[in-house]
Amino acid sequence: MPVTVKIPTQLRAATGGEAEIEVSGSTVGEVLDAVFEAHGGLRERITQDGDLRRFVNVYVSGEDIRFQQGLETQIDDGAEVTILPAVAGG
Amino acid sequence: MAIENLKCKECGATYDLGAHFACENCFGPLEVAYDYSDLDPAETKRKIQAGSQGIWRYADFLPFEGRPGDPLEPGLTPLLRADRLAERLGTEAEIWIKNDAANPTHSFKDRVVAVAVAKAQELGFETVACASTGNLANAVAAHAAAAGLESYVFVPANLEEQKLLATGVYGTNLVGVRGNYDDVNRLCTQLAETRPWAFVNVNLRPYYAEGSKTLAYETAEQLGWELPDRVVCPIASGSLFTKVGRGFQEWLDIGLVEGEQPVFNGAQAEGCSPVATAFAEGWDVCKPQRPDTIAKSLAIGDPADGPYAVEQARRTGGGIDSVTDAEIRDAISLLAETTGIFTETAGGVTVGVLKKLAERGELAAGERVVVYITGEGLKTLDATRDRFRMHEIDPVLSSFESEFTQEVTV
């Protein structure tokens, strides 16, 4: 199903400046794989050994995937996936 | 001495000294890098001692191209020996309280905000903003007002009333977000991408965080240019905890003080203890939590510097403990009754952990322990409600005497 993925400023050099990408997938992992397919430079920036890097946060419709099933989190129709750096706040 | 660039703490990539906070290669946090190679310790010491009566006396260690200024200069807060507290805890360690409630808006956040607002002006911003659990909101609103800048302050809508009132009074745009702090923080991270604002703890975070080093410098200076043996420090995002460590390390490196890093003990509330849990479990990441504690100023469920705080506690032979809400309330009373210092719930967390360390026998006789009290009790009055009884009497002697008969005759 179609999903909108929001790309943060720090990663836009790897997406040719695009702030949003339309891909399809039924879990967060599938969606990210589709994103990496379209923009190969993103894979090593946000993942390491198949997992998300420790300062990368991913949200599905505003909810942190670590409170859900991580990369296995199901994506509902029309959901929005947001990638953000985890190094803000405090 | 000069600031050089922003450097990623994870991969070492460097960036120009602009409003950036996350590495484009790995998303790691950026930190200000300095060149201290031409600093002469003796001359630096004289310069500090002849400096202002606040944090700008340490300007050589802060992230500015020019000389920073701020009409609400924080810092040089009291460092007090707390012998009666030590006695009540049954420890022969030397306990010192660094009372950082004695700042312009009554918390340590004045230090980081003074630095961030001065940096925002140096970078040409006209609006400052923040995601806050309360103390930061007070400080950003006040320092923006003092500097004549516009401000937007984002907080969880259910914050303590005292903290909301002490923010709104400065004429800021106060935004209560229906969510917890981590929701507020996510929203601000997104807003920082589109608004031309200096979010002090998002896009200006590398500079902002440097302000916490001044707590380390002051501690060393007030102890007669010596380091404590141990510090007990609250952990929310972990930024204060790690920057106090960085401050001590810089002074060790350039020879302003001798010895080694103190043992670092971190303090969290049990209802929001992702860093204490990571320490206990031996993880190098923090699993986020949904906060549920009266210590709202420490209620960050997804702490940005959590992994570095864990590393620092391990490296220095310290630890990270958590205390319950009941222990927090007891510790607020304990500190007040033995030192005359009334702290907010975060200070209750810190003193609560100090008490645990004493009970476990981890504090050695003669050991010098500095406890960081980061905020003022008047901001979280609910935490002290129903803990004592007021004697209500009529305005006549007999009424007083009948109320206190027992005390007089016993």
Point to revise | Residue ID - nearest to the other protein chains (Cβ to nearest Cβ), chosen from residues in region B:185-196 that are surrounded by fewer than 24 Cβ atoms within 10 Å (Cβ to Cβ) and in contact (Cβ under 8 Å) with a residue 24 or more places away in the chain | key: B:Leu187
Check your understanding: Considering region A:59-79 alone, what residues qualify as being closer than 17 Å to A:Ile21 by Cα and surrounded by 15 or more Cβ atoms within 10 Å (Cβ to Cβ)?
Key -> A:Tyr59, A:Val60, A:Ile75, A:Ala79
Practice item. Would you mind stating whether B:Val169 is within 14 Å of chain A (Cβ to nearest Cβ) and of a type in the set (Val, Ile, Thr)? Key: no
Review point. Looking at region A:71-81, is at least one residue closer than 26 Å to B:Asn203 by Cα, within 12 Å of chain B (Cβ to nearest Cβ) and not in a strand (DSSP E or B)?
Key: no
Revision key, fill the gap. Log entry, pairs with first residue in region B:347-366 being more than 21 Å from B:Thr293 (Cβ to Cβ), second being in a helix (DSSP H, G or I), beta carbons closer than 6 Å, six or more apart or on different chains, reads B:Ala358/B:Leu89; B:Leu363/B:Leu357
Exercise for review: Considering every residue within region B:104-122, establish whether at least one is surrounded by fewer than 23 Cβ atoms within 10 Å (Cβ to Cβ) and touching a Phe, Trp or Tyr at 6+ places or on another chain (Cβ under 9 Å).
Suggested key: yes
Point to revise | Residue identified as in the same structural domain as B:Ser297 (by TED's automatic domain parsing) and under 17 Å from the mean Cα position of the chain (by Cα) among B:Ala116, B:Ala101, B:Ala139, B:Ala131 | key: B:Ala101
Check your understanding: Has region B:227-236 got any residue that is within 14 Å of another protein chain (Cβ to nearest Cβ), more than 25 Å from A:Arg66 (Cβ to Cβ) and not polar (S, T, N, Q)?
Key -> yes
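This table checks each residue for (1) over 19 Å from the mean Cα position of the chain (by Cα); (2) modelled with pLDDT of 95 or more; (3) surrounded by fewer than 17 Cβ atoms within 10 Å (Cβ to Cβ); (4) not assigned by TED's automatic domain parsing to the domain that holds B:Ile300.
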position: B:Ala144; (1), (2), (3), (4): yes, yes, no, yes
position: B:Ser151; (1), (2), (3), (4): yes, yes, no, yes
position: B:Phe154; (1), (2), (3), (4): no, yes, no, yes
position: B:Lys163; (1), (2), (3), (4): no, no, no, yes
position: B:Ala166; (1), (2), (3), (4): no, yes, no, yes
position: B:Arg178; (1), (2), (3), (4): yes, yes, yes, yes
position: B:Ala198; (1), (2), (3), (4): yes, yes, no, yes
position: B:Val202; (1), (2), (3), (4): no, yes, no, yes
position: B:Trp225; (1), (2), (3), (4): yes, yes, yes, no
Exercise for review: Sort out which residues of region B:286-302 are free of Cβ contacts under 8 Å to residues at least 40 places away in the same chain, surrounded by fewer than 24 Cβ atoms within 10 Å (Cβ to Cβ) and at the interface with chain A (Cβ under 10 Å from one of its Cβ atoms), and write them in order of number.
Suggested key: B:Lys287, B:Gln289
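Taking the options B:Trp251, B:Trp283, name whichever one is modelled with pLDDT of 95 or more and surrounded by fewer than 21 Cβ atoms within 10 Å (Cβ to Cβ).
Going through B:Trp251, B:Trp283 in turn, just one is modelled with pLDDT of 95 or more and surrounded by fewer than 21 Cβ atoms within 10 Å (Cβ to Cβ): B:Trp283.
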**Study point:** Qualifying positions in region A:13-31 - within 14 Å of another protein chain (Cβ to nearest Cβ) and surrounded by 15 or more Cβ atoms within 10 Å (Cβ to Cβ)
**Key:** A:Ala14, A:Thr15
Practice item. Say whether the condition of being in contact with a Ser or Thr (Cβ under 6 Å, 6 or more places away or on another chain), assigned to a helix (DSSP H, G or I) and away from chain A (no Cβ under 14 Å) is met by at least one residue in region B:46-68. Key: yes
Revision key, fill the gap. Quick count over region B:19-45, residues being surrounded by 13 or more Cβ atoms within 10 Å (Cβ to Cβ) and part of a loop (DSSP other than H, G, I, E, B), is 11
**Study point:** Residue within region A:44-52 that is in contact with a strand residue (DSSP E or B) (Cβ under 8 Å, 6 or more places away or on another chain), loosely packed, with under 14 Cβ neighbours inside 10 Å and part of a loop (DSSP other than H, G, I, E, B) present
**Key:** no
Point to revise | Test for A:Val56: is it surrounded by 15 or more Cβ atoms within 10 Å (Cβ to Cβ) and either more than 14 Å from every other protein chain (Cβ to nearest Cβ) or at pLDDT below 95 (or both) | key: no
**Study point:** Matching entry among B:Leu164, B:Leu174 (being away from chain A (no Cβ under 13 Å), of a type outside the set (Gly, Ala, Ser), in contact with a strand residue (DSSP E or B) (Cβ under 8 Å, 6 or more places away or on another chain) and in a strand (DSSP E or B))
**Key:** B:Leu174
**Study point:** Hits in region B:336-388 (condition: in contact with a Phe, Trp or Tyr (Cβ under 8 Å, 6 or more places away or on another chain), under 19 Å from B:Ile235 (Cα atoms) and hydrophobic (A, V, I, L, M, F, W, C))
**Key:** B:Val369, B:Val370, B:Val371
Exercise for review: State all residues of region B:249-282 that are farther than 18 Å from B:Tyr308 by Cβ and small (Gly, Ala, Ser); if no residue qualifies, say none.
Suggested key: B:Gly255, B:Gly259, B:Ala269, B:Gly271
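Yes or no, residue by residue, for (1) within 22 Å of B:Arg360 (Cα to Cα); (2) in a helix (DSSP H, G or I):
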residue	(1), (2)
B:Val244	no, yes
B:Phe248	no, yes
B:Trp251	no, yes
B:Glu260	no, no
B:Asn265	yes, no
Check your understanding: If you check B:Gly301 against the conditions, is it assigned to a loop (DSSP other than H, G, I, E, B), farther than 26 Å from A:Pro85 by Cα and outside the structural domain of B:Ala137 (by TED's automatic domain parsing)?
Key -> no
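Kindly evaluate B:Asp302 against the criterion of being touching an Asp or Glu at 6+ places or on another chain (Cβ under 8 Å), farther than 30 Å from B:Lys45 by Cβ and at pLDDT below 95.
Judged against the criteria, B:Asp302 is not a match.
The values are calculated or read from the model by the stated rules, or taken from the named source; none is laboratory data. Note that the structure is predicted; figures quoted are calculated from it, not measured. All Cβ positions, glycine included, derive from the backbone under ideal geometry; neighbour counts span all protein chains shown.
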